[in-house]
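All remarks here apply to the structure that follows.
Each reported figure results from applying straightforward, stated rules to the coordinates on display, with no laboratory input. Source: prediction; values computed, not measured. Neighbour counts run over all protein chains shown; Cβ positions are idealised from the backbone, glycine included.
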Amino acid sequence: MTEVGTARKRSEDARLITGNTQWTDNIQLPGMLYVAFLRSPYAHARIVNVDTSAALDRPGVVAVFSGADLAGEQGGLPCAWVVTPDMVLPDHPPIAVTEVRYSGEPVACVVARDRYAAADALEAIDVDYEPLPPVLDMQAALAEGADLVHSDKGTNKSYTWVFANGDLDAAFLDAAVVIEREYVQQRLIPSAMEPRSVVCQPFGDQMTVWSSTQIPHILRVMLASVTGVPEQNLRVIAPDVGGGFGSKLQVYGEEVITLILARKLGKPVKWTESRSEGNQTVHHGRDQIQRLRLAADADGRIRGLNVDLLADMGAYLMLVTPGIPLLGAFMFPAIYKMDAYSFTCTGVFTTKMPTDAYRGAGRPEATFAIERLMDELAHELDLDPIEVRRRNWIKHDEFPYETVCGLTYDSGNYEAATEKALQLFEYDKLRAEQADRRERHDTVQLGIGVSTFTEMCGLAPSRVLGSLFYGAGGWEHSAVRMLPTGKVEVLTGSSAHGQGHETAWAQIASDALGVPFEDVRVLHGDTAISHKGLDTYGSRSLVVGGVALVGACVKVVDKARVVAAHLLEADASDLTFENGRFSVRGVPEQGMSIQEIAGATFAAHNLPDGIEPSLDSEATFDPENFSFPHGTHLCAAEVDTETGFVKIRKYVAVDDIGKVVNPLIVEGQVHGGLAQGISQALYEEAVYDVDGNLQTTTLADYLVPSASDLPTFTTDRTETPATTNPLGVKGVGEAGTIASTPAVVNAIVDALRPFGVSDVRMPCTPERVWRALQEGVAQ
Amino acid sequence: MPRIKVEVDGVTYEDDVEPRLLLVHYLRDRLGKVGTPVGCDTTNCGACTVLMDGMSVKSCSVLAVQADTHDITTIEGLRINGALHPMQEAFHSEHGLQCGYCTPGMIMASIDLLRENPDPSDEEIREGLEGNLCRCTGYQNIVRAVRSAAHEMSHSEVTSHD
Ligand code: FES
Ligand code: FES
């Protein structure tokens, strides 16, 4: 059978296109109460007093609690990644008790009979604040005598993490070219369309939590340890989840508090955020200052790279906040060979919303830096940007290749992907047009941006995570249940929120078991059903979870083979298994389908001695290595030199993600990824004012692009299978986002080179482009 | 409290509502019509789009009292004799959704777009859907879906007139 590789339309669509969905906010339970949070209007202040008495008198209000009221039971929010032994890790109460450290931090909560009453009563809470100085600038925060975010810690530095390999001094000593740049990765707001929502229902001493989360399994463990509800009494369900992009890879204070309130009041409790609340308090992404130095020979061969990062942690360290830049640490050298590499990252506290994973998480930042540098290098040496990359990249016959970071890239073919992209793009033709426009001094200039990227995906080998002091493993679990009627239930520990697991996993199981696609149901996102897992992030679901499913299917077939041999009165080694049917070698008509065997096993009337009456199986897969998708993206941008307006004229993405289970889903993932990466380049930025208030609290201020802001993409693939897993897959969730940001900025800078422009800070708004142009011309 | 009479997806409801109650909350919290989601509080995202007397409105920007005497169609009322609306079919066939949170609003807005312009260009589709945000798809397959639904719907109208 060949389900894998087929563009199956998605099974999950049936409920999503008819409104027959189960978003967390849809859940209404008898006697349910609603929570609203009062949030700090200050970036930094001491809480002198919280008076909740007037709010308690408001109609419909059931209870009001300040942080102090809950101090004894609310615990602290977890950080699972202590990146260095001396990392500064401040306490992080779900509701602030003595001090607030970012605007939007919760200071009290109201529980009421409906959502309007809860929101109304917030204004009746009286909080006395004593304002403290905000800390907004990373470099100033590190200076001697700076105001402190956590005064008891004596520093705004959380950690400095270092990696080095090779002789960097030698690499820079008499290098023909040294490129030195500073790039800023602006702060982003992930902006999943479904706002966060949590419902908790107590039932005796059992608690069921529904949350709009990417990580029901991790959340369960964490909620148990924060609240003291024993893990076995806690069930976490991620029902339909409306996107995450990393923002729902978190243990949020509101989740903890909703659980605590339900336990305290003995009633089901719901909290759903508003968008403005979410923009302030869903963790943010990126926010780094990158200082980069690259040394190269006169022919463009890279000798060494030095990376010095400042990473804004925000006010606290959340689930994996400090580790995000480290996910990029190994990606700066990208697809290029070099002798020496050094990476230093300093995590800095500021009075802003904490940062954490956002699509790509560390790797887009790294890819941006190196791909921008490659274009700068090309310009310096007057080489074509493709040529300079060609001279440096790992050639297809050099795999497996151990990089300067110590990673082993198992496979890849950068030449093939680039060749295909150049053809689709009509590179030479566009270069000719560019030359022509330059010649004519056209007011609209054309720029061409290149990005030849790779990423480390399939998070992650548990041993590697251990060596980086991460708090858990990186395996994934799957189970297969053969039902009496021969139908199949697949359980997976990955937790889809738009990725289409219900379709893709059914395709995999259909092939592996030889049963019709329609006979497979995929269950996920409920710790009582898919009881074991590490959830969905880091392009890991297929590469780790899909491979676990293959393992579980193999075990089912092995068990079925024993039963089949018994029923067919043949030796197990004489049986073939094809298209779901066991038959005796050479006697094809003598056989039984695995679905019939499931029925016979259920009846258990005639099983071989000592064989349990069950074909059900489970498998847990721990990858030995990361996977390394790669690709070549080319962007042509028209830049209006009079207005600074940028229009993407053409965007070609050729991705090599190894084997493909469902090309339709893959294409969708690439499109969505491109949109987010392009949007970082052109539109999005979380802006705080001088007092530390977020100014981009709504979708009117924070520019999530609409259909008319984005181009039509040309996407294609090359296929170099991963050699480290039986499916040959590499992961696709983040590729588009990682590759596209530098492609766009490279195109803009390329268009403006004749005007002396060598950088435009993101997002490249018309104003920024125009200013860069004026400054370039002035020099 | 004012009393309103509204037809929603073919059923008539009469209710007393607070004057400030938003239509989307009336639909979701009072009628259990939770197929229409909420994505923002500033009428920017379009997730809550429904049809009022056949024309698309953002139900978070309409008060329940303003819907009095009007006819509301939500994503849950789109099926015709149990069959999916061609726009629903097209979003499925062209993979015009991932998480699906924007989808009810996208589908309703797209139906209204074709009502005004039965044969839109890609550019017109993109502009017509400007008020509906999707964070997952990058819009390309949404545009493709609307185009294909336009084709399908003009085709089926021709045949039904024959
Ligand atoms: S919820 Fe109505 S426009 Fe966003
Ligand atoms: S499909 Fe997720 S927001 Fe559109």
*asked:* Which one, A:Ala108, A:Cys405, A:Trp770, projects farthest toward the positive side of the charge dipole computed for chain A from Cβ point charges (K/R +1, D/E -1)?
replied: A:Ala108
_Total formal charge among the other residues, if their Cβ is under 11 angstrom from that of A:Gly736, Lys/Arg +1 and Asp/Glu -1_ = -3
*If you project the alpha carbons of segment B:86-154 onto the principal axes, what extent comes out on each, in Å, largest first?*
29, 22, 17
*asked:* Need one value for A:21-29: mean number of C-beta atoms belonging to other chains within 10 Å of its residues' C-beta atoms.
replied: 4
_Label-to-label distance, nm, for residues given as A:Asn606 and A:Gln590 (7 Å Cα→Cβ offset)_ = 1.4 nm
*chain B, helix-only ellipticity at 222 nm - DSSP H runs n ≥ 4, -39,500 (n - 2.57), divided by all residues, nearest 500*: -10000 deg cm²/dmol
*Work out how much length A:Ala416 to A:Lys337 would gain on full extension: take 0.36 nm times their residue separation and subtract the Cα-Cα distance, in nm to one decimal.*
26.6 nm
*Which chymotrypsin sites (Phe, Trp or Tyr not before Pro) does segment A:26-75 hold that lie in a coil by DSSP with at most 12 other beta carbons within 10 Å?*
none
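DSSP loop chymotrypsin sites (Phe, Trp or Tyr not before Pro) in segment A:579-662 with at most 16 other Cβ atoms within 10 Å of their Cβ, which ones? Display every interim value, and only then the final one.
Details: sites: A:Phe582, A:Phe602, A:Phe621, A:Phe626, A:Phe645, A:Tyr651; in loops: A:Phe626, A:Phe645.
Passing sites in segment A:579-662 are A:Phe645.
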*Quick one: what does P(r) look like for segment A:475-621 with 5 Å bins over all Cα pairs, in whole %?*
2, 11, 21, 21, 17, 13, 8, 5, 2, 0
_Give the average, rounded to an integer, of partner chain Cβ atoms located within 10 angstrom of each Cβ in B:139-145._
5
*Work through the residues other than A:Glu123 whose Cβ is under 14 Å from its Cβ and net out their charges, Lys, Arg +1 and Asp, Glu -1.*
-2
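Counting other C-beta atoms within 10 Å, and keeping those with at most 16, which DSSP coil GluC sites (Glu not before Pro) do you find in segment A:511-613?
Details: sites: A:Glu518, A:Glu569, A:Glu578, A:Glu589, A:Glu596; in loops: A:Glu569.
For GluC sites (Glu not before Pro) across segment A:511-613 that sit outside H, G, I, E and B with at most 16 neighbouring Cβ atoms in 10 Å, the list reads A:Glu569.
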*asked:* Using the Cα centre of the protein assembly as shown as the reference point, and only Cβ charges (+1 on K/R, -1 on D/E), how large is the resulting charge dipole? Debye, rounded to the nearest 20.
replied: 940 debye
*asked:* Net charge within 15 Å of A:Lys487 by Cβ-Cβ distance, Lys/Arg positive one each and Asp/Glu negative one each, not counting A:Lys487 itself?
replied: -4
*Looking only at Cα atoms, what is the convex hull volume of the protein assembly as shown per residue, in Å³?*
192 Å³
_Largest-first principal axis extents, alpha carbons of segment B:3-77, Å_ = 29, 25, 20
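How much mean residue ellipticity at 222 nm does chain A get from its helices, if each DSSP H run of length 4 or more adds -39500 (n - 2.57) and you divide by all residues, to the nearest 500 deg cm²/dmol?
On the way: 21 runs with 220 residues, N = 779.
The helix-only estimate for chain A comes to -8500 deg cm²/dmol at 222 nm.
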*Shielding by partners, peptide A:112-119 (average Cβ within 10 angstrom, other chains)*: 1
_Dipole of chain A, positive direction: furthest Cα of A:Ser66, A:Gly19, A:Ala118, with charges on the beta-carbon_ = A:Gly19
